[in-house]
Amino acid sequence: MNLATTLKLALQEMELPPMWLAVFAALGWAVGQLAPLPIPYAPALGWALVGLGLAISGLAAAQMVRARTTFIPRRQPARLVTNGIFALSRNPIYLADAVILSGLLLIWNALFAAPLVPAFMLWITHRYIRGEEAWIAAAHGEDYARYRARTRRWL
């Protein structure tokens, strides 16, 4: 088996967003080890961001469970959730992942790795969000179009 085939198989196994968060976080950790940039209070702010991200993610998942729909990526949602945290972002769980990644970079003094956050957001948009939006638009039509017009993808 050649390297390209091995990499392709490895990528197929990492299809859940938390795995991509772990990959981007590991890269950020490595940057923090190789080129730390300590800033006063950065770790405290980082822990606050990690906590905020976990809270957002938990709140969004709870709202989806209450609405009796899935929060698992690439599964067709049964209902369109537009209230609560979903009134602020169409993708609060992915937003929470980006906030968590930002917090981890601060905790690890990995500020040179800051470009990983928008890179992560672009990757998640490409890998998950666009497909999910197409499914939701097909299933919920005008309701989704109105929601999309008033609520941004990220924040």
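Throughout, read-outs are computed from the coordinates displayed, never taken from laboratory work. From a predicted model like this one, the values you see are computed outputs, not experimental measurements. Because the Cβ atoms are built from the backbone with ideal geometry, glycine has one as well, and the counts that use them run over all protein chains shown.
Selection among PHE120, VAL81, ALA110 by position relative to the dipole of the range 64-128 gives VAL81 as farthest towards the positive end (Cβ unit charges, Cα centre).
3J(HN,Hα) along the range 143-151: 4, 5, 4, 5, 4, 5, 5, 9, 10 Hz, from the Karplus curve 6.51 cos²θ - 1.76 cosθ + 1.60 with θ = phi - 60°, whole Hz, x for Gly and Pro. A dipole drawn for the chain from +1 and -1 charges on Cβ atoms has a positive end, and of LEU7, ALA134, LEU45 the residue lying farthest that way is ALA134. Computing Rg and the Kirkwood Rh from the Cα coordinates of the range 1-85 gives a ratio, Rg/Rh, of 1.10. Normalised by 2.2 N^0.38 Å, where N is the number of residues, the C-alpha radius of gyration of the range 39-150 stands at 1.17.
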